[in-house]
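**Student:** Mind having a look at this structure? Questions to follow.
None of the figures in this text is laboratory data; all of them are computed from the coordinates on show. All of these numbers come straight from a predicted model, not from anything done at the bench. Glycine gets a Cβ as well: all are built from the backbone with ideal geometry, and neighbour counts include every protein chain shown.
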Amino acid sequence: MSTELDCRGLACPAPVLQTKQTLDKENPQSIKVIVDNEAARQNVTRFLENQKFEVSVEKKGPDFFVIGKRGPGATVSQPSFGPQSNSDKKKIVVMIATDRMGYGDDVLGKLLLINFIKTLAEIGDELWRLVFVNNGVKLTIGGSEVLDALKEYEKEGLTIMVCGTCLNHFDLLDKKQVGDTTNMLDIVTAMQLADKVINI
């Protein structure tokens, strides 16, 4: 059984949510999801891969056809957030929604946030997810003063999640140089699973 979903024109996280609902309800052997933007393509692709589907993508004009075929062990579950080597370890999510810290002097605010991000390593291995939304996504693109630090965190195994809707809004999707383009379903699930969420 194969199912086709037309999710063109839908904002994040609707394409992923509709895909998940269809898998839950119909349990198809294959699914084709049509989307009309790169962020949705990445999000639906990653979701299907997390469900153990074999995924291919075809581009036709402005649209992407994300085709998932059920592979061995494919099952609908919560989004995957990587291995949990120690279930007793506290999981801290840091959500950054701005490119500066606090209000008042913008130059000082940017310097404070740069120092904050570069100091996050002091949290140690309890730092579980780093999430960038709204203006914060600008810290993940070329020219960002914290790009090297973020790349080092990612290299060391920290998952960095970058809001695809926000990247689209600022026309920065193809300028992102670190982290996984993500959607609100993944972000909300990460917050739910975390022991502590720090908002900046």
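**Student:** By the gyration tensor of its Cα atoms, with a ≥ b ≥ c the square roots of the eigenvalues, what is the shape of the range 92-199: rounded for a/c under 1.5, prolate for a/b over b/c, or oblate?
**Tutor:** rounded
**Student:** Using a 10 angstrom cutoff on alpha carbons, build the Gaussian network for the chain and name the most mobile of ASP186, ASP24, ASP88.
**Tutor:** In this elastic network of the chain, the residue with the biggest mean-square fluctuation among ASP186, ASP24, ASP88 is ASP88.
**Student:** Please figure out what share of the DSSP beta bridges in the chain is antiparallel and state it in percent, rounded to the nearest 5.
**Tutor:** Bridges in the chain that DSSP calls antiparallel: roughly 40 percent.
**Student:** As a test of the formula, what do you get for the chain when each DSSP H run with n ≥ 4 contributes -39,500 (n - 2.57) and the sum is divided by the residue count, at 222 nm and rounded to the nearest 500 deg cm²/dmol?
**Tutor:** For the chain, the value works out to -10000 deg cm²/dmol.
**Student:** Please find the FRET efficiency linking ASP195 to ASN135, where r is the Cβ-Cβ separation and R0 is fixed at 45 Å, and quote it to the nearest 0.05.
**Tutor:** 0.95
**Student:** Regarding the range 2-70, what is the average projected area of its C-alpha convex hull, in nm²?
**Tutor:** Projected area, direction-averaged: 3.8 nm².
**Student:** Please determine, in degrees from 0 to 90 and to the nearest 10, the orientation of helix 184-193 with respect to the longest principal axis defined by the Cα atoms of the chain, where the helix direction is its Cα long axis.
**Tutor:** 70 degrees
**Student:** In the range 92-199, what % of DSSP beta bridges are antiparallel (nearest 5)?
**Tutor:** DSSP beta bridges in the range 92-199 are roughly 5 percent antiparallel.
**Student:** Which of the trypsin sites (Lys or Arg not before Pro) found in the range 129-200 are loop residues per DSSP with 15 or fewer other Cβ atoms within 10 Å of their Cβ?
**Tutor:** Listed in order of number, the matching sites amount to none.
**Student:** Based on the alpha carbon coordinates of the chain, what radius of gyration and maximum Cα-Cα distance (Dmax) apply, in Å?
**Tutor:** 17.8, 59
**Student:** May I ask you to derive the relative contact order of the range 92-199, considering only C-alpha pairs under 8 Å and at least 6 residues apart, and to give it as an integer percent?
**Tutor:** Taking the mean separation of contacting Cα pairs over the length of the range 92-199, I get 33 percent.
**Student:** If you filter the range 103-169 for chymotrypsin sites (Phe, Trp or Tyr not before Pro), then keep DSSP loop positions with at most 11 other Cβ within 10 Å, what is left?
**Tutor:** Filter output for the range 103-169: TYR103.
**Student:** Provide the per-residue ³J(HN,Hα) series for the range 105-118, in order, calculated from phi with Karplus coefficients 6.51, -1.76, 1.60 and θ = phi - 60°, each as a whole number of Hz, with x at glycine and proline positions.
**Tutor:** Values, residue by residue: 8, 5, 4, 5, x, 5, 4, 4, 5, 4, 5, 4, 5, 5 Hz.
**Student:** By per-residue mean of other Cβ atoms within 10 Å, what is the highest-first order of 62-68, 119-125, 161-167, 49-55?
**Tutor:** 161-167, 62-68, 49-55, 119-125
**Student:** Out of residues 5 or more away from PHE132 or on other chains, whose amide H comes under 5 Å of its own, with H placed 1.01 Å from N in the peptide plane?
**Tutor:** The list, which skips near neighbours in sequence, is ILE96, MET161, VAL162, CYS163.
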